Amino acid sequence: MLKHYICLIYIIINIVEEFSIKFCGEIMELFNILKEKIKEKEVVTPKEMAIIDDNAEFLGIPKILLMENAGKVVYEEIKDIEAEEYVIFCGTGNNGGDGFVVARHLGKGEVVLIGKEGEIKTYEARENFKILKNLAEFGNIKIREIRIAEEVEDIFERLKDKKAVVVDAMIGTGVKGELREPFKTIVNKINELKKINKDLFVVSVDVETGNLESDLTITFYKRKTINKENAIVKEIGIPKEAEYVVGWGDLKALRKRDSRSHKGQNGKVLIIGGSRDFFGAPILAGLAASKIADLVGILSVDDVVDKLNNPEFIMYRVEGDYLSSKHVDYALDVAKKYDVVVLGNGFGVNDETKAFVNEFLLKYDKKAVIDADAIKVIDYNNFKFSENYVFTPHRKEFEYMNIDLNNIEEIKSTIVLKGKYDIIFNANNVKINKTGNAGLTKGGTGDVLAGLIGALFAVNDAFISACCGAFINGYAGDLLLKEKGYCFTPLDLIEKIPNVLKIFE
Ligand SMILES: NC(=O)C1=CN([C@@H]2O[C@H](COP(=O)(O)OP(=O)(O)OC[C@H]3O[C@@H](n4cnc5c(N)ncnc54)[C@H](O)[C@@H]3O)[C@@H](O)[C@H]2O)[C@H](O)CC1
Ligand SMILES: [K+]
C-alpha cells in the first residue's frame, strides 16, 4: 500500500513539475515575444543607465570590471593622438574612477582630482585612485587634488601652446541639476583654451560635463539622452540582460523618502476591496501598503469594516454585501484624498461588482492598481488601457484581459503577469523578475503584492513601481524560504517587506 502511495506522490510531483516547466516555458516564450514587439530603446536617460549599471552588478558583473573596461576603451581611442601633455580632470564619482583607469593605461600625464581623496564616493573609484598613487611615486603620472579652479591656473597657462589631450572624467550619468563650482569654471576655461589652441583635443568620458565642447565623447553601452552628436558608443561588457532583468538597480532608483517630509508626502493609498465573502484580501493589501505609505484607507462593505479594528487604517464603510453602482460616487469622492487606489482585492465576481468597477474606472482619472476580481469584471471591449493603471494578473486573469500583442502600443497600462518569473511590461518597456518561489502560490500573496505596488506607485512611476513591487514581494518570499521553508503566510511576507527595503536602501 505504502509503495502505491509513494508512487502516486511521485507521479503528482512530476505532473506539477511538468506543468510549472511548461508554464515557465510559456512565460519565457511570452517574454521573448514581448521583447520583439516592444521596441528596444536606442538612447537611455542617465537614470535608466544607472539602473542598467547596477543591475549588471546584480547579475554578478563587478562594477570595478566595468570601470576597467570603460577606462580601457577610452584609452584605446586617445592613445594614438600625438600630444606633449595629457591632463585628466576627475570627479569624485565613478566617472572620475574611469578617468583614473584612463590615466593608468596612458602611463603618463597629470590627474586633477576635483575634490579630496577622502571624498571619492565609491569603492571601485577609490581602489583605482590608490593604484594611481602607487604609480605616481615612481612613474610619470602626476596627481593633484584641488578645491577651486584657481589651483589649476598653471595648467591652463601651460596648455595654451601645447599639443595636448584633456580628458573630461569630471561628471557622467550621476549629474544632478546645474553645474556647480569649481566644475563650471573649469569647463569654461577648457572651452576658452580650445578657442586659442587648435592643438587641444578634448575627450569626454561617457557624458560631456556641463556645456563642455568636447571633440569626442566615448559613451558606454548605449547613447545617453544628454550626449552630444559626436558621442560614440563602446561596449564595456554589460549584457543585454542588465536591461531586462529586475534587480537592485530598480530599487535604488525609487524615490527616496525626504527626511524633511510631512505626513502624507510619502504616499496615500486607498484600498477599495472586500465583500461579504472575502474580508481578508483588502486587509492584506492595506497592511502591505502601510509598510511604505504614510496613509492607508480601506473602503469596503459593512462585514469587512465591522471585522476590522486596526488603527493603521482609515475606514470608509458602504452598506451592502458587495461594492456596487450605488457606491461609485462616494468611492470617487474618497479617492480624491489619495494618490492611488488599489482595486479588486476580495471583491467577488458578480453583476454588482462588475457595475462598480466599470463605472468607477470610467470616472476615476488618477493612479490605480487593478488586481484579482476587478481584472475579471472589466468590460475590455469598451476599455482604455491608461498609463495610470497597473494590472497584476496571474495567468488565468491575464487570459481574461485578452491583450492583443500585435497592438502592444495601445497597452499604455503596466501589466505584472505573475508566475515563476514575473513579466512586467507596457507599450514601451518589458522586464522579467526572477525573485520568488513556490511558497508564494498561497492565497493572499497577490493581495500583498497589489498593496505593495500601490504604495510604491503613490510616489513613483508605474513601471518602476511594478518592477520593484514584484522584486520586493519575491525577495521577501526568498528570505522566508530560507527561514521557514515553504510554510510562510502572507502576513509573514508583509512583515518581511521592511527587511528587503533595508537590505537594498
Ligand atoms: N554605465 C556603465 O555601465 C558604467 C558607468 N561608469 C561610470 O560611472 C559614471 C556614473 O558614476 P556616478 O558615480 O553615478 O556619478 P558621476 O561620477 O557621473 O557623478 C557623480 C559626481 O558628480 C557630482 N555631481 C553631480 N552633479 C553635479 C553638478 N551638477 N555639479 C557638480 N558636481 C556634480 C556628484 O557630487 C558626484 O561626486 C558613468 O557616467 C560612467 O562614467 C562605470 O565606471 C563603468 C560602467
Ligand atoms: K564626463
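The values are calculated or read from the model by the stated rules, or taken from the named source; none is laboratory data. On a predicted model such as this, the values are computed, not experimentally measured, just so you know. When we count neighbours, we look across all protein chains shown, and the Cβ atoms used for this are built from the backbone with ideal geometry, even at glycine. Areas reflect the complete protein model, heavy atoms only, side chains present, ligands, DNA and RNA absent. Shrake-Rupley method; radii C 1.70, N 1.55, O 1.52, S 1.80 Å.
Computed values, structure above
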{"quantity": "Cα gyration tensor, segment 85-238 - rounded (a/c under 1.5), prolate or oblate", "calculated": "rounded"}
{"quantity": "Value of relative contact order over segment 273-333, rounded to a whole percent, pairs C-alpha under 8 Å and six or more apart", "calculated": "34"}
{"quantity": "³J(HN,Hα) computed for each position of segment 47-61 - Karplus, 6.51 cos²θ - 1.76 cosθ + 1.60, integer Hz, glycine/proline x", "calculated": "5, 5, 5, 5, 5, 4, 4, 5, 6, 5, 5, 4, 7, x, 9"}
{"quantity": "For V202, residues with placed amide H under 5 Å, excluding near neighbours", "calculated": "V166, D215, L216"}
{"quantity": "Long-range HN-HN contacts of I143 with modeled amide H, under 5 Å", "calculated": "V111"}
{"quantity": "Reachable aspartates and glutamates, given that their alpha-carbon falls under 15 Å from the alpha-carbon of K337 and they are not under 8 places away in the same chain", "calculated": "D294, D329, D365"}
{"quantity": "Ellipticity estimate at 222 nm from DSSP helix runs (n ≥ 4, -39,500 (n - 2.57)) divided over the chain, nearest 500", "calculated": "-13500 deg cm²/dmol"}
{"quantity": "Paramagnetic label zone (point 7 Å from Cα along Cα-to-C-beta, D161; backbone N under 19 Å) in segment 83-97", "calculated": "83-86"}
{"quantity": "Vicinal HN-Hα couplings computed from phi for segment 217-234 (Karplus, 6.51 cos²θ - 1.76 cosθ + 1.60; Hz; Gly/Pro x)", "calculated": "10, 9, 10, 9, 6, 8, 4, 9, 4, 9, 6, 8, 3, 7, 6, 10, 9, 10"}
{"quantity": "Degrees separating the helix 351-363 axis from the principal Cα axis of the chain, which is the longest one", "calculated": "30"}
{"quantity": "Ranked packing of 290-301, 379-390, most packed first, by mean Cβ within 10 Å", "calculated": "290-301, 379-390"}
{"quantity": "Percent accessible area from carbon and sulfur atoms, segment 262-504, protein chains only, probe 1.4 Å", "calculated": "51"}
{"quantity": "Placed amide H near K228: partners under 5 Å, 5+ positions off or other chain", "calculated": "E208"}
{"quantity": "Within-15-Å neighbourhood charge of N402 [Cβ basis; K, R +1; D, E -1]", "calculated": "-1"}
{"quantity": "³J(HN,Hα) computed for each position of segment 297-311 - Karplus, 6.51 cos²θ - 1.76 cosθ + 1.60, integer Hz, glycine/proline x", "calculated": "x, 10, 9, 7, 7, 3, 3, 6, 4, 5, 7, 9, 10, 9, x"}
{"quantity": "Burial order of peptide ranges 355-363, 151-159, 63-71 (average beta-carbon count within 10 Å, highest first)", "calculated": "63-71, 355-363, 151-159"}
{"quantity": "Radius 15 Å from Cβ of L200, net charge of other residues (Lys, Arg +1; Asp, Glu -1)", "calculated": "-3"}
{"quantity": "Accessible area per residue in Å² at 1.4 Å probe, computed on segment 53-244", "calculated": "44"}
{"quantity": "Estimated FRET transfer efficiency when R0 is 35 angstrom, pair K176-K240 (beta carbons, to 0.05)", "calculated": "0.80"}
{"quantity": "Length added when fully stretched, D215-K116, from 0.36 nm per residue minus Cα-Cα", "calculated": "32.8 nm"}
{"quantity": "Extension gain from R147 to I81, taking 0.36 nm per residue of separation minus the Cα-Cα distance", "calculated": "20.8 nm"}
{"quantity": "Förster radius 51 Å - calculated FRET efficiency between Y486 and K326, Cβ distance, rounded to 0.05", "calculated": "0.75"}
{"quantity": "Net length gained if the chain between D351 and K228 were fully extended (0.36 nm per residue, minus Cα distance)", "calculated": "38.6 nm"}
{"quantity": "Packing rank of 459-469, 484-494, 189-199, where each peptide gets the mean count of other beta carbons within 10 Å, highest leading", "calculated": "459-469, 484-494, 189-199"}
{"quantity": "Size of electric dipole in the chain: Cβ of Lys, Arg +1 and of Asp, Glu -1, about Cα centre, debye, nearest 20", "calculated": "600"}
{"quantity": "For the chain: rounded, prolate or oblate by the Cα gyration tensor [a/c cutoff 1.5]", "calculated": "prolate"}
{"quantity": "Accessible surface of segment 167-236, 1.4 Å probe, proportion on carbon and sulfur as whole %", "calculated": "52"}
{"quantity": "Within-13-Å neighbourhood charge of V448 [Cβ basis; K, R +1; D, E -1]", "calculated": "0"}
{"quantity": "Label-reachable residues, segment 142-157, where backbone N falls under 16 Å from a point 7 Å from E192's Cα toward its Cβ", "calculated": "148-157"}
{"quantity": "Efficiency of FRET from Cβ geometry, S259 and Y123, R₀ 25 Å, rounded to 0.05", "calculated": "0.50"}
